[in-house]
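Scroll down for the structure; my scribbles are underneath it.
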Amino acid sequence: MAGAVAARPPVPTFAEFVPQVAAATSVGTLKAYSSYWNRVVEKWGTRRINEPTPLEIEQLGKDLRANRVIRRNGRDGSSAEENYVSAMRRLYRRAVANGFIAEADNPAMKVAKPRRQENNRRALPDARLAELNTAASTTGDDPALDSLLLRFHIETACRRGGALALRRVDLDSAQCLVRLREKGGTERWQPVSPTLMRYLLAHWEERGDGNPRSTGQLFRSSSGRGRRFGQPITYRRYDRLWERLGEHLPWVVTQGVSAHWLRHTVITWVERTFGYAVARAFAGHSLNSGDVGTTATYVKADLSEIATAVAEMTGEPHPLATPAS
């Protein structure tokens, strides 16, 4: 019959649909949302995805918030609830896109996110950074790795995912650049000091396979007995590192300091010293990441300006830095 509405496909259960969505999700996004999706499958696995009401979805978020794992840098659980709502919205957007439910019937969009609290991170003074570097380089089972990680984050202001995704092939030793691949599928070349580049190359020669075109993960633990190459590190290395730093530096625990504080510290210094445009480029923020107004289109720094900031920060010349006038 002409003009008839096409029949919707059979609506799957959560146990059927969540694995399909997870398989089509990037690694970074999956890391952020998988725990919430798993909890939904545990709770509503046999229910069809069009059955829960907005009130039920909201109540599950409140339950997850109340029963969350209390972390050393946790606050009141609002972030957990916010991430849960985001996870559900992504899940239901896929359901709408696949024709299982109408957009107007999307229950996750009818659940409000909790109000985001103001970020309590702040830039660390030089004395605190020195304490972190000293503790990392003099304690633990692999101080060489931990101190290299801290230096990498301080020079690049990258996220943990950027460091974990770094490969030997991502090092341009001639121009002292590293290729960072971070959340949202972003990719950029970031200048580093000649000294850090030498350390990165030496790290790979010692713990990798020595192949300069290797796509294997660069940061690795020491090879240890019975292993030819070092093992690629994971997020757990960061967890153990900051737990240990907290044992030696009580202020790390009290303030909930983490690797992201290093990013905040560096970008703050770059903004104060070289201005907003260079800070945004240094951080890898795109023009559409929250900037408002047409002027933002013209406020753009190039690679030489970022390299100049790195040279100033490290006190070492950089091959791409703008020559001093």
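Remark: Glu206 matches the filter, which requires a residue to be charged (D, E, K, R), at pLDDT below 95 and on the phi < 0 side of the Ramachandran plot.
Contact annotation: residue pairs with Cβ atoms under 7 Å, 6 or more positions apart or on different chains, pairing a residue in the range 247-260 that is more than 13 Å from Ala123 (Cα to Cα) and assigned by TED's automatic domain parsing to the domain that holds Leu132 with a partner that is charged (D, E, K, R) and at pLDDT 95 or above, are Leu249/Glu131. Of the residues making up the range 166-213, just one is of a type in the set (Phe, Trp, Tyr) and within 18 Å of the chain's Cα centre (by Cα), namely Trp189.
Every residue, every condition in (1) surrounded by 17 or more Cβ atoms within 10 Å (Cβ to Cβ); (2) modelled with pLDDT under 95; (3) in contact with a helix residue (DSSP H, G or I) (Cβ under 8 Å, 6 or more places away or on another chain), yes or no:
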| position | (1), (2), (3) |
| --- | --- |
| Gly224 | no, yes, no |
| Phe229 | no, yes, yes |
| Tyr238 | yes, no, yes |
| Arg244 | yes, no, yes |
| His248 | no, no, yes |
| Arg272 | no, no, no |
| Tyr276 | no, yes, no |
| Phe282 | yes, no, yes |
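Is it fair to say Arg151 is without any contact (Cβ under 8 Å) to a residue 60 or more places away in the chain, surrounded by 18 or more Cβ atoms within 10 Å (Cβ to Cβ), under 23 Å from Ser304 (Cβ atoms) and of a type outside the set (Ser, Thr, Tyr)? Lay out the reasoning, then the answer.
Details: without any contact (Cβ under 8 Å) to a residue 60 or more places away in the chain: yes; surrounded by 18 or more Cβ atoms within 10 Å (Cβ to Cβ): yes; under 23 Å from Ser304 (Cβ atoms): yes; of a type outside the set (Ser, Thr, Tyr): yes.
Answer is yes for this residue.
All of Arg122, Arg115 fail the test of being among the basic types (Lys, Arg), surrounded by fewer than 20 Cβ atoms within 10 Å (Cβ to Cβ), within 23 Å of the chain's Cα centre (by Cα) and under 20 Å from Val266 (Cα atoms), apart from Arg122.
The values are calculated or read from the model by the stated rules, or taken from the named source; none is laboratory data. Since the structure is predicted, the reported quantities are computational estimates derived from the model, not experimental observations. Neighbour counts run over all protein chains shown; Cβ positions are idealised from the backbone, glycine included.
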